[in-house]
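Q: What follows is a structure written as structure tokens; I'll ask about it next.
Derivation of every value follows stated rules applied to the coordinates shown; laboratory data play no part. Just so you know, these numbers come straight off a predicted model, no measurement behind them. FYI the Cβ positions are ideal-geometry reconstructions off the backbone, even for glycines, and counts take in every protein chain you see.
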Amino acid sequence: MHNNTNSKFKSKMLVHLIAAARPNFMKIAPLYHALKQETWSDPIIVHTGQHYDLNMSDTFFRDLNLPEPQIHLGIGSGTHAEQTGRVMIAYEKVLKDNHPDLVIVVGDVNSTMACTLAGVKLCIKVAHLEAGLRSFDRTMPEEINRIVTDALADILWTPSPDADKNLLKEGILNEKIHRVGNIMIDSLEMMRKSIESFAVYKDLGLDSANYGLVTLHRPSNVDNGSILENICEKLLRISEKLPLLFPVHPRTLKSLQEHGFIKTLDKAKGIHITEPLSYIPFMNLVFNCRLAITDSGGLQEETTYLGIPCLTMRPNTERPVTVFQGTNQLCTVESLEGKVEKILMKKSRKFRGIEFWDGKTASRVVTSIKGFLFS
Ligand code: UD1
């Protein structure tokens, strides 16, 4: 852990950006770069270490042109309470030494909630980017993290109108809510040139628009052996019609190994298993896939923005705009194969546009911070 900033001597506003797990890195990157351009701000990346494998963390920093995190809490894995507690204890110490003017948390991982709790208890201002999303499913750990974070944060930056409504319904004051749009689209646009300069699918022996991209890691899909077996069987059948590329998340790999399914997938002709990929090669595979099968939050948004069909293996989504205005469909293990077939028979729907999903979210956030800190 490192600390070199004492508030008595600082001339700039100290802004902590909390990064913890894979989906956080592309949310802080555009904001870090935008804040770095401002003469009044000193953005500091705090990595809690919730994700620590090279290909779940470090490669994202490289791909998104981020510097090494200035502060690393090195928390690692654990139960939810252990992870949350360890982040709170470690980050409270950092906050007491650093006195940031603002803590920015993103998304819905355990560290998002833990850093919010540590900050507000020391009366330090906390802002939540990607606020207001609700699946209304409290069996999801992320939903608990979202509810707690939004109840406590001082500024709530939302991506879409449904998020504003959710917050208002929960009694949150209108003046705390600022719709800024989807920061993930900023990362995608910021990196578009690099993403398009590759043809990663070719290296894997696949043709553009002729493979499905699979990502699965939600506990509800991958932790239970019989559910996972059922999903693997369906993927094997689908792979006879459409080759599937499956970069496997560590949680999923562990479960596939424990239940003895990894060898079957590995041997299947139509299924290409890889390690988790870093941002640029992964997005290159998203840009060129025929469809995505996923339970990730971010991929629902990226495919909608790109007009690529997405089948979300969940009973609900906290991102309903991707269903009503985008290319996303919810599906079950039973309905998956039929939905894939239907997609293969027709042309993709085009993205009709969602307000503020335009690559300019970071600049709206900077304007909001200025209004908040200098008014
Ligand atoms: C976490 C987030 C989830 C997010 C996901 C993206 C919470 C509650 N969950 O889920 O919201 O969508 O990240 O990936 O915060 N592991 C490794 N290497 C790593 C990281 C994890 O091997 O770099 C292993 C851990 O040991 C653990 C498993 O993967 O067994 C799960 O990690 P964990 O951080 O608990 O949750 P995720 O499933 O990754």
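Q: With the checklist (1) touching a Lys or Arg at 6+ places or on another chain (Cβ under 7 Å); (2) over 23 Å from K347 (Cα atoms) in hand, flag the one item L253 doesn't pass.
A: Exception for L253: condition (1).
Q: Which members of segment 85-99 meet the condition of being surrounded by fewer than 24 Cβ atoms within 10 Å (Cβ to Cβ) and of a type outside the set (K, R)?
A: The answer is G85, M88, I89, A90, E92, V94, L95, D97, N98, H99.
Q: Only one of these is closer than 20 Å to G74 by Cβ and among the charged types (D, E, K, R): K93, K125, K121. Name it.
A: None of the others qualify; the one that does is K93.
Q: Let me confirm something: among V105, V94, which residue is out of contact with any Pro (no Cβ under 6 Å at 6 or more places or on another chain) and over 26 Å from M184 (Cβ atoms)?
A: On inspection, the qualifying residue turns out to be V94.
Q: Do we find that S296 is farther than 18 Å from M190 by Cβ, surrounded by 19 or more Cβ atoms within 10 Å (Cβ to Cβ), touching a strand residue (DSSP E or B) at 6+ places or on another chain (Cβ under 6 Å) and touching a residue at least 60 places away in the same chain (Cβ under 8 Å) in this structure?
A: Judged against the criteria, S296 is a match.
Q: Within segment 332-375, can you find the residues that are farther than 12 Å from V180 by Cα, assigned to a helix (DSSP H, G or I) and hydrophobic (A, V, I, L, M, F, W, C)?
A: If the condition is that a residue be farther than 12 Å from V180 by Cα, assigned to a helix (DSSP H, G or I) and hydrophobic (A, V, I, L, M, F, W, C), then V333, L336, V340, I343, L344, M345, F372, L373, F374 are the ones that fit.
Q: Restricting attention to segment 108-123, report how many residues are assigned to a loop (DSSP other than H, G, I, E, B), more than 14 Å from G298 (Cα to Cα) and in contact with an Asp or Glu (Cβ under 8 Å, 6 or more places away or on another chain).
A: 1
Q: Another question, if that's okay. Being without any contact (Cβ under 8 Å) to a residue 40 or more places away in the chain, among the polar types (S, T, N, Q) and farther than 26 Å from I293 by Cα is true for just one of S368, S375, S335. Which residue is that?
A: After applying the criteria, what remains is S375.
Q: Can you tell me which of L133, L152, L117 is under 20 Å from the mean Cα position of the chain (by Cα) and within 24 Å of L31 (Cα to Cα)?
A: Of the residues listed, the single one that is under 20 Å from the mean Cα position of the chain (by Cα) and within 24 Å of L31 (Cα to Cα) is L133.
Q: Just to check your reading of the model, which residue among R179, R192, R237, R251 is within 23 Å of F61 (Cα to Cα), of a type in the set (K, R) and away from the ligand (no atom under 16 Å from the Cβ)?
A: That would be R192, the only listed residue that is within 23 Å of F61 (Cα to Cα), of a type in the set (K, R) and away from the ligand (no atom under 16 Å from the Cβ).
Q: Another question about this same structure. Just for segment 319-331: of the residues that are of a type in the set (A, V, I, L, M, F, W, C) and not in a loop (DSSP other than H, G, I, E, B), which one is nearest to L129 (Cα to Cα)?
A: Here the answer is V321.
Q: Give the residues of segment 202-217 that are crowded, with 21+ Cβ neighbours inside 10 Å and within 16 Å of the ligand (Cβ to nearest atom), sorted by residue number.
A: Correct list: L213, V214, T215, L216.
Q: Just checking: which of the helices (runs of 4 or more DSSP H) contained wholly in segment 238-306 hold 2 or more residues that are basic (K, R)?
A: In segment 238-306, the matching helices (runs of 4 or more DSSP H) lie at 250-258, 262-267.
Q: Condition check: closer than 20 Å to E189 by Cβ, among the small types (G, A, S) and either within 12 Å of the ligand (Cβ to nearest atom) or buried (at least 21 other Cβ atoms within 10 Å of the Cβ) (or both). Does A29 satisfy that?
A: Yes, satisfied.
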